[in-house]
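Read the structure below first, then the notes.
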Number of protein chains: 2
Amino acid sequence: MTSLETWVEVPKNSDFTIYNLPFGVFKNKRLSARIGIAIGDKIVDLSILDQEGFFSDMFLPEGVFLQDSLNELIALGKVQTRKIREKVQELLLAENEKLRDHSIRGKVMVNRREAEMLMPVKIGDYTDFYSSMEHATNVGKMFRDPENALLPNWKHLPVGYHGRASSIIPSGQDIFRPKGQFKDADMDSPGFGPSRRLDFELELAFITGKSTKLGDTISTADAEDYIFGFVLFNDWSARDIQAWEYVPLGPFLGKSFASSISPWVVTLEALDYFRVDGPSQDPEVLPYLQCEKAHSFDLQLEAYIQPDQVKKATKVSTSNFKYMYWNVAQQLAHHTVNGCNINVGDLMASGTISGPSEDSFGSMLELSWKGTKPIRLDSGEERKFIEDGDTVILKGFAEKEGVRVGFGELKSKVLPSK
Amino acid sequence: MTSLETWVEVPKNSDFTIYNLPFGVFKNKRLSARIGIAIGDKIVDLSILDQEGFFSDMFLPEGVFLQDSLNELIALGKVQTRKIREKVQELLLAENEKLRDHSIRGKVMVNRREAEMLMPVKIGDYTDFYSSMEHATNVGKMFRDPENALLPNWKHLPVGYHGRASSIIPSGQDIFRPKGQFKDADMDSPGFGPSRRLDFELELAFITGKSTKLGDTISTADAEDYIFGFVLFNDWSARDIQAWEYVPLGPFLGKSFASSISPWVVTLEALDYFRVDGPSQDPEVLPYLQCEKAHSFDLQLEAYIQPDQVKKATKVSTSNFKYMYWNVAQQLAHHTVNGCNINVGDLMASGTISGPSEDSFGSMLELSWKGTKPIRLDSGEERKFIEDGDTVILKGFAEKEGVRVGFGELKSKVLPSK
């Protein structure tokens, strides 16, 4: 990759380098909701750039950046959004004086610290896959048969389920510990109350940027045309509620109380440099799931827990997106093979991504092995599951030969039940 | 109930009586999408009534009826929508000359036959419950243990799952037979192709008319305030795809290729007269699921199959909404007990409603008992599941002491796989 320099001051280890330039929706005390691109500690206010005519050769719809979601923008198609991102990259290059020396520069470059990040997209439908073999195997070992941990269908199709879209919230929004029914093995009848086994799930999700009609399918070869970008995803889970309710129709209230996403949508283009082969698949998959090229990405994923009143968060998991057995092209090809239509702004999450080693497991369920092995935090406290007052932080980034592209933080605090 | 007469000619056995007055969205060759109320073979064009000042005392937002969905209208709240419906009822009474003798009458009263009915609502999230004990028992007998057909959780909570909202389509829109993976007991590895066991599910669904915030709950006592009205719901199912994919996370592609709804939303107010007690619940349910009043409705539900080139449809099932073990107030209380937020325009379906007798089963799976007992159509043909070219028609109505309120037809034809 050509080395790029920018005139913007980008702190060392910033996720928001000149190579990244993710899209997000923000507002602040002065400014109504609008679309920006992050670089370093700044946000490029695209609506101001547009007003000043920097995009005049692109014939964009009026007010396309003065929106409270990215949906209209990404619906313009990849050719347009790629041009916008490339234009911004060009304007931020060290040698480019057009914005650097322009009187409008102060208005265009907004401080990230002073901005409130909003939900980046209006999510139509949300799907959660279950695509990490290590995670599915761990769960199978704990709850079913250690000798036959994976169910017979698992290596033939990317198992997934429909999730609740209304309760997906942005980073920074607190969640309430959910109440619900649970029935432990030693109980005669179900109990009711705040969940005793609240968990996070370390996931990555993609956002679709192109629609299909009912009856249409998407091939693995075309799948990436439909993927606009990625966000970190915390699929909050109440394990006790889930365990009691989930047969035979799958997770419901154990998940639908909240799912959190990071605010900056990292484009597929920005991740292209970190493309790697995924795990080899055996048995061979059916033809509609076979891929001609690599669709996995070497992206480190991390989870942290920070108890209330404790200054420093403890890293509890270091995983990687490349561990995922089923890749995003296969997920999308499978999702549409029955003719299911997708819309701009659908969100499809990976499922918990666990790696092979114990410190790479992507949920407390696995890290504490169903609560039997508490993990120790730097503060000296122990955790089997998430406690009230805990803040869970997910991070994710790719780094190769001095090029870094990341997601920033996805940070959510757990409040006691309402 | 007071007997009402209208100046509109309403055919005998019409579902759209003066007692019903359901809301829907329609257009025709001359008219753009707009909101109307059905009576007999006519649609009352509410946008024209509004323009002519018939609702001037209600201070409605401008253009509230010139919409391609009911969402904005029902978001005004029940007080307003009830007033609108009552105003229309008043205008249609035999002795009321205000519309009857008005020069605008011809423009207001549109022929239903010439109208194209659109999706009545933009559906945010869609949930499908599994609330018929007879259906859950039949499925349990067929696929699990005939002696323990119901799973342990079933009588303690209304089992449900999140479904795909994007593929919900209106009556009249054809569906394509879905393709997918299946693995029969005699197969070594999964096969792929058009589903060999395509099925309908006879359901009723309610549409929410009021939102909650994340963390809020809805009590059974308040639940009906959040229910705007009901539609017929055909939860198309590919049994072979579903059987292979559904463990452990529930139905996915076996359902998401299409679900069909009837176009006229029958309000809760119109059904109030047909309120009955539901089945008694034993064991006693947890306090948050207990109800002070009856929330079941005596509504006959019917399914018909009409093969291609055959003139008459054969009735294959006669069921009733009152068979449902878990009522709508319990469904909504359960759905929100974990703090899950709901939005205006969410759709929550009952699950297949089967009755106690074999001719009241609400799916081909049950009617043909997993394909082992083909059912005979009037044309002499037999059916185990739904064939290409078949049209499936669902109907539903309540009738008591000369008062009839119904849904009209939900009609969809199955085309071969694309």
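The values are calculated or read from the model by the stated rules, or taken from the named source; none is laboratory data. Quick caveat, the model's predicted, so the values are computed rather than measured. FYI the Cβ positions are ideal-geometry reconstructions off the backbone, even for glycines, and counts take in every protein chain you see. Areas reflect the complete protein model, heavy atoms only, side chains present, ligands, DNA and RNA absent. Shrake-Rupley method; radii C 1.70, N 1.55, O 1.52, S 1.80 Å.
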TODO: Rounded to whole Å, how close does chain A get to the rotation axis onto B by Cβ? Give me the residue too, please?
DONE: A:Gly250, 1
Task: Residues of type aspartates and glutamates that A:Lys312 reaches as a straight line, Cα spacing below 13 Å, ignoring anything fewer than 8 places off in the same chain - done: A:Asp378, A:Glu381, A:Asp390
Open item on the list: Run the reach check for B:Lys141 against lysines, Cα to Cα strictly under 22 Å, same-chain hits fewer than 8 apart removed. What comes back?
Closed with: B:Lys155, B:Lys183, B:Lys255, B:Lys370, B:Lys373, B:Lys384
Task: Percentage relative contact order, the range A:141-233, counting C-alpha pairs under 8 Å, at least six apart - done: 19
Task: Surrounding net charge for B:Glu52, when Lys and Arg each add one and Asp and Glu each subtract one, Cβ distance under 11 Å - done: +1
TODO: Set Lys and Arg Cβ to +1 and Asp and Glu Cβ to -1, take the dipole of the protein assembly as shown about its Cα centre, and tell me which of B:Asn234, A:Met133, B:Gly172 lies farthest positive.
DONE: B:Gly172
TODO: Return the residues of the range B:394-418 for which accessible area with all protein chains present is lower than in the chain on its own by 50 Å² or more; set the probe to 1.4 Å and exclude ligands, DNA and RNA.
DONE: B:Lys418
- [ ] Might you report the magnitude of the Cβ-based charge dipole of the range B:126-415 about its Cα centre, with Lys and Arg at +1 and Asp and Glu at -1, to the nearest 20 debye?
- [x] 540
Open item on the list: Sorted from largest to smallest, which semi-axis lengths in Å does the alpha carbon gyration tensor of the range A:126-415 give for its equivalent ellipsoid, taking the root of 5 times each eigenvalue?
Closed with: 29, 22, 19
Task: For the protein assembly as shown, accessible area per residue (1.4 Å probe, heavy atoms of protein chains only), Å² - done: 38
Task: Which of B:Val316, B:Val276 is most accessible, then next, and so on - probe 1.4 Å - done: B:Val276, B:Val316
Task: Length gained when the stretch A:Arg196-A:Ser56 is fully extended (0.36 nm per residue, less Cα-Cα span) - done: 44.8 nm
- [ ] Enter the buried accessible area of the B/A pair, total of both sides, probe 1.4 Å, in Å² rounded to the nearest 100.
- [x] 5300
- [ ] Could you pull the accessible area for A:Tyr226 with a 1.4 Å probe, rounded to 10 Å²?
- [x] 30
Task: Student exercise, the range B:29-84 dipole from Lys, Arg, Asp, Glu Cβ charges, in Debye to nearest 20 - done: 180
TODO: Report, to the nearest whole %, how much of the accessible area of chain B belongs to carbon and sulfur atoms, 1.4 Å probe, protein only.
DONE: 46
Task: A:Lys83-A:Lys27 pseudo-label distance in nm [points 7 Å out on the Cα-to-Cβ vector] - done: 3.0
Task: Neighbourhood charge, 11 Å Cβ-Cβ cut-off, centred on A:Gly406 and excluding it, Lys, Arg +1 and Asp, Glu -1 - done: -2
Open item on the list: If DNA, RNA and ligands are ignored and the probe is 1.4 Å, what is the ranking of A:Trp369, A:Trp244 by accessible area, most exposed first?
Closed with: A:Trp369, A:Trp244
Open item on the list: What does DSSP give for chain B in terms of the percent of beta bridges that are antiparallel, rounded to the nearest 5?
Closed with: 90
Task: Dipole magnitude (debye, nearest 20) for the range B:23-117, charges at Cβ of Lys, Arg, Asp, Glu - done: 260
- [ ] Lys and Arg at +1, Asp and Glu at -1: add these up for the other residues within a Cβ distance under 14 Å of B:Ile305 and post the number.
- [x] -3
Open item on the list: Suppose accessible area is computed on protein heavy atoms with a 1.4 Å probe; arrange A:Lys29, B:Lys370, B:Lys87, B:Lys42 from highest to lowest.
Closed with: A:Lys29, B:Lys370, B:Lys42, B:Lys87
Task: Computed E for B:Lys98/B:Ser3 - FRET, C-beta separation, R0 25 angstrom, nearest 0.05 - done: 0.75
Open item on the list: For chain B, what does the relative contact order come out to in percent, with C-alpha contacts under 8 Å and a separation of six or more?
Closed with: 21
Task: Extreme residue, positive dipole direction of chain A, given options A:Gln281, A:Ile393, A:Asn111 (C-beta unit charges) - done: A:Asn111
